[in-house]
Amino acid sequence: MSKLHNIQSVAKYESKLLMRSWFYRIFLVLAILFLCIFNFVALVSENGGFWLMKALPANIPYINLMFLNTGQAIIAVFLSSEFLKSDKKLDTSEVFYVHPLSNAEYVIGKIWGNMRVFIRLDLFIIVLVVIICIPTLIYIFGLSIGLMLVIKSQAITFILLLGYIALTLFYIGDKFYYLFDYMVYNLPLVKSTIIGFSNREVLINHRMIYLLLGLGFICLSIFLFRRLPNTKRGRYRWLFLSLAFISAGIWASYNHVASIMKAAKMRQIYTEVNNQYVNRPKMVIDHYDINLDQHPQTISSEVEMRAVAMERAAVFTFCLNP
């Protein structure tokens with residue numbers, strides 16, 4: 001309970017400082033105004049508006065999610081690398097450094113304090129953003145703090161991370177099977193009212209990639225944090241956890257690519273089979289009756305059909321959708 005209390009104490013004051021900063025207040029106002037104006041123009045514009053939101057109203061929260069997730073990822077780069085610098089500049093680090101806090105409690109408290117302010121904004125705009133955006137925030141916070149501790153230069157960290165974000169948004173995009181799309185800006189997320197998410201497993205695995213990598217980078221940041229730890233041997237367990245999370249994230253990345261390549265291979269097989277029989281004699285279905293029985297998990301059916309031969313042949317080919 002003491003560890004949780006320490007994390008909550010750091011997070012409490014970090015959230016208060018963030019809520020009082022004009023940087024966050026400006027982002028809050030601009031985010032809400034932009035989304036409100038965009039939704040109004042997209043839905044009621046006389047020039048057609050945004051057809052994707054009009055044709056499928058379920059896409060309204062989805063589009064809002066994409067804009068908000070992108071904005072948060074960029075803002076998080078500045079906040080995550082700023083809190084270490086601001087602590088030293090304002091001498092607020094002395095308040096926490098004299099307390100019996102471990103490096104893990106201090107770093108996690110700092111990150112949680114920033115994250116829960118964004119979560120309030122996310123919940124205010126859309127509930128779904130909690131599921132989609134949390135891995136993005138954890139990943140970018142962990143990556144930013146880790147780079148800051150390794151490079152020890154805020155300016156270089158900004159340049160590298162902003163360049164990384166721009167590269168994923170404008171160049172990589174949907175390349176490499178959406179593997180580097182950590183903001184899920186290009187991964188298809190449209191939900192069908194009939195079958196739900198057609199790529200549910202891919203979506204869950206893709207989000208797990210960056211959740212695990214983010215946790216790995218956070219644990220690595222705790223290991224690299226230049227502060228006397230509260231325990232003698234506790235520092236190295238975070239290195240072990242970091243390696244475990246990053247390894248799990250790499251494994252999830254492999255599964256993501258392998259699953260998409262497997263689906264592409266199956267489509268190739270279907271195409272080859274179809275091409276093999278495309279020139280065989282066929283019949284045109286003239287009439288059919290289908291008796292279908294629906295069971296809890298499966299369906300069964302009996303089909304009677306009448307077909308007309310288009311040419312004389314001893315063998316005809318019938319095609320079924322796999």
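For Pro135, which of the numbered conditions (1) at pLDDT 80 or above; (2) open to solvent by 20 Å² or more (accessible area, probe 1.4 Å); (3) under 22 Å from Leu213 (Cβ atoms) fails to hold?
(2)
Considering only residues of region 62-110 that are within 21 Å of the chain's Cα centre (by Cα), open to solvent by 10 Å² or more (accessible area, probe 1.4 Å) and closer than 15 Å to Leu17 by Cα, which is modelled with the highest pLDDT?
Across region 62-110, the extreme among qualifying residues is Phe78.
When only residues in region 278-311 that are open to solvent by less than 80 Å² (accessible area, probe 1.4 Å) and among the hydroxyl-bearing types (Ser, Thr, Tyr) count, which is nearest to Tyr177 (Cα to Cα)?
Here the answer is Ser300.
Anything in region 143-180 that is closer than 18 Å to Ile218 by Cα and among the β-branched types (Val, Ile, Thr)? List them, or say none.
Ile145, Val150, Ile151, Thr157
If you go through region 1-43 one residue at a time, how many are without any contact (Cβ under 8 Å) to a residue 40 or more places away in the chain, assigned to a helix (DSSP H, G or I) and small (Gly, Ala, Ser)?
2
The values are calculated or read from the model by the stated rules, or taken from the named source; none is laboratory data. Being a predicted model, the structure only gives us computed values, none of them experimental. Quick reminder, even Gly has a Cβ in these numbers, built from the backbone with ideal geometry, and neighbours come from all protein chains shown. Heads up: the accessible areas ignore ligands, DNA and RNA and are worked out on the full protein's heavy atoms, side chains in. Shrake-Rupley method; radii C 1.70, N 1.55, O 1.52, S 1.80 Å.
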